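The values are calculated or read from the model by the stated rules, or taken from the named source; none is laboratory data. Note that the coordinates shown come from a computational prediction; the quantities given were computed from them, not determined experimentally. Cβ sites come from the backbone with ideal geometry, for glycine too, and all protein chains shown count toward neighbours. These accessible areas exclude ligands, DNA and RNA; they are computed on the full protein's heavy atoms, side chains included. Shrake-Rupley method; radii C 1.70, N 1.55, O 1.52, S 1.80 Å.
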Amino acid sequence: MNPYVPILVLMAVGAVLALGGVGASAIIGPKRYNRAKLEAYECGIDPTPRAVGGGRFPIKYFLVAMTFIVFDIEVVFMYPWAVAFTELAMFGVAAILTFLALITVPFVYEWRRGGLEWD
């Protein structure tokens, strides 16, 4: 038996469950629409100040989203590195130092823009 067959079966089961859940909610779910549900939804924050053409969202919302993405990706890449640390030797050390230097750039940007200051 091909060693990739269980992976493909698991991917197929995951796809069926995901698509089945979306399809079932579209068919079974309630269809009660009101004015608030039909408005465009970005983040739940009312744009301030209101501009003539609709308004802009505060940068703080996007900085919080960027914080999540940056640190989530950092953990995703550092965990396998920590598990295989002894087998990677100096190449692994150089690779993770380069990665940490690159991750520092968006962190410093967000810090300078005030994303870490909570009101």
To the nearest Å², the heavy-atom accessible area per residue of the range 66-119 with 1.4 Å probe amounts to 81 Å²
At R0 = 25 Å the Cβ-Cβ FRET efficiency linking Tyr109 and Ala82, nearest 0.05, sits at 0.45
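Using packing as a proxy for protection, rank 97-103, 60-66, 83-89, 1-7 so that the peptide with the highest average count of other Cβ atoms within 10 Å comes first.
60-66, 97-103, 83-89, 1-7
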Here, Ala15 and Ala94, labelled 7 Å along Cα→Cβ, have an inter-label distance in nm of 4.0 nm
Sorted on mean Cβ neighbours within 10 Å (highest first), peptides 68-81, 22-35 come out as 68-81, 22-35
